Amino acid sequence: MVGRLLARGMIAGVCAACLAFVFARLFGEPQVALAIAFESARDTAAGMAAEPELVSRAVQASFGLLTAAVLYGAAYGGIFAIVFALAYGRVGRFSPRALALLLAGAGFLTFVLIPDLKYPPNPPAVGLPGTIGLRTATYFEMIVLSVCVMAVSVLVGQRLIQRLGAWNGTVCAAGIFVVLTALVQAGLPDINEVPADFPALVLWRFREAAIGMQLVLWSALGLIFGRLAAPVVAPGAARHRAG
């Protein structure tokens, strides 16, 4: 069953990535183009020669972006399927579709929203070349700590639900998650390298598009995988509904 779920997870991931690619093309790429134009104008004013493009912007914004999104989606879809297989029947009495949506929401919260609230994505021309290593390390550190916070909250929440009931236990677990997340984010260093003259609207819309792309990816992954996984984990129920 795990093998069949893995294949369906990768298919769902590729489909979700294609939807995310369309969203990124419509809302993200225009902001990237504006940021690159700002960077080029700044370099020209400083008398710096333009760096040669190894890959043209047209290819980057089309085939390059699509290829990266598909590979990203397939990998995430496969991992998502494995997590689903481990969680099904062990985390509450959820239907396959409900569990897939729950895991997709938890994945978006853990891997995207919480890290991006601390270290939001930046377009070109934002960030110093000398701090790339630091920014990458702190971002992945935030992701690891976010996963740990989610795991602790879920484990503690299960025990609280047994003692306090479903509603009170869930509320307490959510409160623990919020408090631990705030403590973790406060303990990590702040990084602010946005140029003073960078257009605020471009920066804001780029970050909106970046999070929106991830929201489309995770939402579509949960919806599509839940539909594909239902006949695998509950074939009898699926045949009964079809009849």
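The figures follow:
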quantity: Residue list for the stretch 123-144, filter: in contact (Cβ under 8 Å) with a residue 40 or more places away in the chain and either open to solvent by less than 60 Å² (accessible area, probe 1.4 Å) or touching a Gly at 6+ places or on another chain (Cβ under 8 Å) (or both); calculated: Pro123, Pro124, Ala125, Val126, Gly127, Thr131, Arg135, Thr138, Met142
quantity: Close pairs (7 angstrom Cβ cut-off, 6 or more residues apart or separate chains): among the basic types (Lys, Arg) in the stretch 186-207, at pLDDT 90 or above and open to solvent by 40 Å² or more (accessible area, probe 1.4 Å) anywhere; calculated: Arg207/Pro120
quantity: Test: residue in the stretch 148-159 that is in contact with a Leu (Cβ under 9 Å, 6 or more places away or on another chain), open to solvent by 50 Å² or more (accessible area, probe 1.4 Å) and in a helix (DSSP H, G or I); calculated: yes
quantity: Complete set of residues in the stretch 29-38 that are touching an Asp or Glu at 6+ places or on another chain (Cβ under 9 Å) and closer than 14 Å to Pro121 by Cβ; calculated: Gln31
quantity: Residue match in the stretch 44-59 (condition: within 21 Å of Arg207 (Cα to Cα), at pLDDT below 90, open to solvent by less than 70 Å² (accessible area, probe 1.4 Å) and out of contact with any Asp or Glu (no Cβ under 6 Å at 6 or more places or on another chain)); calculated: yes
quantity: Number of the condition not met by Asp197 [criteria: (1) under 18 Å from Val32 (Cα atoms); (2) at pLDDT 90 or above; (3) open to solvent by 50 Å² or more (accessible area, probe 1.4 Å)]; calculated: (2)
quantity: Filter result for the condition that a residue is crowded, with 17+ Cβ neighbours inside 10 Å and modelled with pLDDT of 95 or more, over Ala85, Ala104; calculated: Ala104
quantity: Candidate set from the stretch 188-222 (those that are touching a helix residue (DSSP H, G or I) at 6+ places or on another chain (Cβ under 9 Å), among the aliphatic types (A, V, I, L, M) and not in a helix (DSSP H, G or I)); member that is farthest from Ile143 (Cα to Cα); calculated: Val194
quantity: First in the stretch 62-75 and closer than 18 Å to Ala220 by Cβ, second anywhere and among the acidic types (Asp, Glu) and at pLDDT 85 or above, Cβ under 8 Å, 6 or more apart; calculated: Leu65/Glu29
quantity: Residue list for the stretch 107-135, filter: modelled with pLDDT under 90 and among the polar types (S, T, N, Q); calculated: Asn122, Thr131
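The values are calculated or read from the model by the stated rules, or taken from the named source; none is laboratory data. This structure is a prediction, so every number in the text was calculated from the model and none was measured. We place every Cβ from the backbone using ideal geometry, glycine too, and count neighbours over all the protein chains shown. When the accessible area is computed, the model is the full protein with side chains, heavy atoms only, and any ligands, DNA or RNA have been set aside. Shrake-Rupley method; radii C 1.70, N 1.55, O 1.52, S 1.80 Å.
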